[in-house]
Amino acid sequence: MTAMFAETAAQLSPSPGLWIVLISAALTDNILLTRFLGMCPFLSISKQLKSAFGMGLAVMVVTGFTCVLNYLLYIYVLLPLTPYGVPAESLKLILFIVVIAGFVQLLEMVIERISLKLYFSLGIFLPLITVNCAILGASLFMVNNVAGKGYDGWDVLVYGFGAGAGWFLAIMLMAGIRHRIAGGKVPAGLQGVGITLIITGIMAMAFTIFQGMIRT
Amino acid sequence: MTEPGKTLSPSRALWTQLWQENPIFRQVLGICSALAVTNLVFNTALMCAGLIWATTLSSFTVSLIRNYIPTRIRVMVQVLIISAYVIVVDIAFRAFFFEAHKDIAAYVGLIITNCIVLGRLEGFAMKNRPIAAAADGLGAGLGYSLILMSIAFVRELLGFGTLLKNTPWEVHLLTAWEPGVTETWWRNWTIMVVPPGAFFVLAIAVWIARSWSLRQEARAEAGKPSSSPGKPEEASA
Amino acid sequence: MKLNVNSPGYVLVFAAVVSTVFTAGIMTLHAVSESAATASAQLYEQKSLVDVFKLGANRELGDREIRDLYEQSIRQLDIPLVDPQTGKAFNSSDPNASPLSPRTYVARNSGGTIIGYAVPVSGIGFWSRIDGYLAVTSDFSTVIGIVFTRHQETPGLGGRITEPRWRKQFEGLDITLPGADKPSIYIGGDKPTSDDSPRHGRYVDAITGATGTSSAVNRFLNRDIEAIRRAAREAGLLDNTK
């Protein structure tokens, strides 16, 4: 199947430029506004700018590294084992989760050792993001992109960090907006989650503008 | 959330999950993955079936071996168990619902990290007996499905004008059966089939539910003997 | 003896057992469902081919009838079809090739005459890869129909490429090469106003609101049409109309 990937990549257009990968990952194909992933923490943590920053940064770092790790494992370990009866498609789910969980644990330990300050601004969010759908989703979409758009290793790197950056951007924007409208008049039924969803919808509409940036 | 340590009978657990603690209404948990598939009713139905299956059976399984799971690897084991059932669903869909599976494959996988499923395992299944845990999982799944199906109903109807599109039971309620040959007065609301539409519909659903439950709470307050006298009944809008 | 659930030894054993059970379970499941999954995929492919060759309307046909129609009229092409210029393969002749490799199909009527060929077309759409079959007459000059088997375009917008109404425009389209670096077909752009217009018989309306998908499909269809004609000439198919 690795050969099929190479074949696909060669037959379709050459792997898209890194800028396009970045723009589509962060803006047009935004993992939160277009793909609906990572909403739980997004809705609850976007209340304060400071925590939004910490969470967003954590998500970006973890998504970037785990995308690359998962890519390497998928291509060089899981796929070569397919002829031996190992169902790559089904097992990749669990493989990715294990990698993400492991990486997050590792990162938490490392940050705690290096800088307590960093730990308090970033590290405390780490346990929360092990099950953030966005991170697993990014890895799953990465596999789709490798098969469907011929992404290679560098593309995946940019894609991983780009997708995380897109999530980061979305949560920062939301925190800023919520900060601004705090104290505004919101109907009782819409307070909290309701109004945040409406704002998210409007942001999603706004982000579709970026589709014009990519000319196929 | 149910009080920890208190074991509930299966029927009470089911009922509590389904309405009073309906996750979507109260905490809007786990909407992530599933919102993307709500532009078509059939895809949503499949997704909900998968979720109900995964939540019920993994609650049951986790509860069954709850006393043997080491604390340290607790979350990983829970995730592994959920994955097993989700993979079963994925394989089943690929075999029997090939065309729909193409659209929803990525999101079926994401059931594994669905906050609701994990929430029920951690919050209930680890502390209760298998049958009760299964009922709790079933209730959570059903409550979740109720919301998603409602959203999908609205989105597909307004966005495509049909219901159960791409199935043998497709009905065209608003658009013509032969577009191009005959037309109806209806113009599809494309916003409903793209992501922003899902956010708006969900926001409205939350608004309705919250307003309703706030009104219930206010009524309950007014009914209590300790509430301030002379408080007028809330006029229904 | 009370079981210490948290002792390191136990944790290790537990983890090992759970992982083994899990992996074994998944592998068994896979082995068991493999045939059902392949059958489903196969039926889907057959449905698309029956549709693209206009052998019957999908809405009215049952699974049995689709299989029968396929068995009667459609076969995989038995010679390789490769574009000499780009090397793109439209049909591999290796009988053991993976199910993912490109396949061209030939449809024959009851008399044995070739109705046409269904050639795989693919390219990157607006979101991701789009795959489909283009059915052409035996002289590779006119389109019989087009079908899209895989895509990830926006439902309701780019996703409308699968709608019969949009695809119907392709029937009878002229795909001979006009030469001078002109495209064979036009999706979107100026509608031809007269019979003398160079776009006459080659034009298809784009999808409103789906400019990205429409131009992507335009691009890769034109590219593939050129490649297919080169490959057909190379394989000697353009000379015989039997």
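Each reported figure results from applying straightforward, stated rules to the coordinates on display, with no laboratory input. From a predicted model like this one, the values you see are computed outputs, not experimental measurements. Cβ atoms come from the backbone with ideal geometry, glycine included; neighbour counts cover every protein chain shown.
Worth a mention:
- Per-residue HN-Hα couplings for the stretch A:35-48 [Karplus 6.51, -1.76, 1.60; θ = phi - 60°; Hz; x = Gly/Pro]: 10, 6, 9, x, 6, 3, x, 4, 6, 8, 8, 6, 6, 10
- Cross-link partners of A:K117 among aspartates and glutamates (Cα-Cα below 17 Å; sequence separation of 8 or more within a chain): A:E108
- Taking the stretch B:38-114 and dividing mean pair separation by its residue count, relative contact order in percent (alpha carbons under 8 Å, at least six apart): 40
- Using alpha-carbon coordinates, inclination of helix C:8-52 to the longest axis of chain C, degrees: 20
- The amide H of C:F90, built 1.01 Å from its N in the peptide plane, has C:L81, C:V82, C:D83 as neighbours under 5 Å, considering only residues 5 or more places off or on other chains.
- Sites listed here are trypsin sites (Lys or Arg not before Pro) in the stretch B:67-98 whose DSSP assignment is loop and whose Cβ has at most 16 other Cβ atoms within 10 Å: B:R72.
- Compactness index (Cα Rg / 2.2 N^0.38 Å), the stretch C:1-94: 2.00
- Debye intensity ratio in log₁₀ form over the Cα atoms of the stretch B:172-222, taken at each q of 0.14 Å⁻¹: -0.60
- When the trypsin sites (Lys or Arg not before Pro) in the stretch A:32-62 are filtered for DSSP coil states and for at most 10 other beta-carbon atoms within 10 Å of their beta-carbon, no site remains.
- Whole-Hz couplings from phi, Karplus 6.51/-1.76/1.60, listed for the stretch C:175-189; x for Gly and Pro: 10, 5, 7, x, x, 6, 6, 8, x, 6, 10, 10, 10, x, x
- Chain C: angle of helix C:63-73 to the longest principal axis, Cα-based, in degrees nearest 10: 50
- Over chain A, Cα pairs under 8 Å with separation of 6+ residues give a relative contact order of 42 percent.
- Exceedance of the 27 Å cut-off in Cα-Cα distance is limited, within the set B:K102/C:K54; B:K102/C:K191; B:K165/C:K168; B:K165/C:K88; C:K88/C:K182, to B:K102/C:K191; B:K165/C:K88.
- Entry note, chain C: relative contact order of 16 percent, from Cα contacts under 8 Å with a spacing of 6+ residues.
- Semi-axes of the equivalent ellipsoid for the stretch C:76-234, Cα gyration tensor, largest first, Å: 25, 19, 15
- Only the Cβ atoms of Lys and Arg (+1) and of Asp and Glu (-1) were treated as charged; on that basis the dipole of chain C about its Cα centre amounts to roughly 400 debye.
- Semi-axis lengths, Å, the protein assembly as shown, gyration tensor of Cα atoms, sqrt of 5 times eigenvalues: 47, 30, 25
- The HN-Hα couplings worked out from phi for the stretch B:54-65 by the Karplus form 6.51 cos²θ - 1.76 cosθ + 1.60 (θ = phi - 60°) are 5, 5, 4, 5, 6, 4, 4, 5, 4, 4, 4, 10 Hz, whole numbers, x standing for Gly and Pro.
- For C:I175, the residues whose modelled amide H falls within less than 5 Å of its own, excluding neighbours fewer than 5 places apart on the same chain, are C:T142, C:V143.
- Spin-label model distance (nm) - B:Q216 vs C:D174, 7 Å beyond Cα toward Cβ: 6.9
- Here's how it looks for C:G125: its modeled amide H is under 5 Å from those of C:I130, which are all 5 or more places away or on a different chain.
- Simple label model, 7 Å out from Cα along Cβ direction - A:Y76 to A:K47, nm: 4.5
- For chain A, complete DSSP H runs whose alpha carbons reach 15 Å or more along their own long axis and whose mean Kyte-Doolittle score is 0.5 or higher are A:49-73, A:88-114, A:133-149, A:153-181, A:193-207.
- Converting the Cα gyration tensor eigenvalues of chain A into ellipsoid dimensions via √(5λ) gives semi-axes, longest first, of 32, 22, 14 Å.
- Ordering of C:161-167, C:148-154 by burial proxy (mean other Cβ atoms within 10 Å per residue, highest first): C:148-154, C:161-167
- Efficiency of FRET between B:H172 and C:T113 - r from beta-carbon atoms, R0 41 angstrom, step 0.05: 0.60
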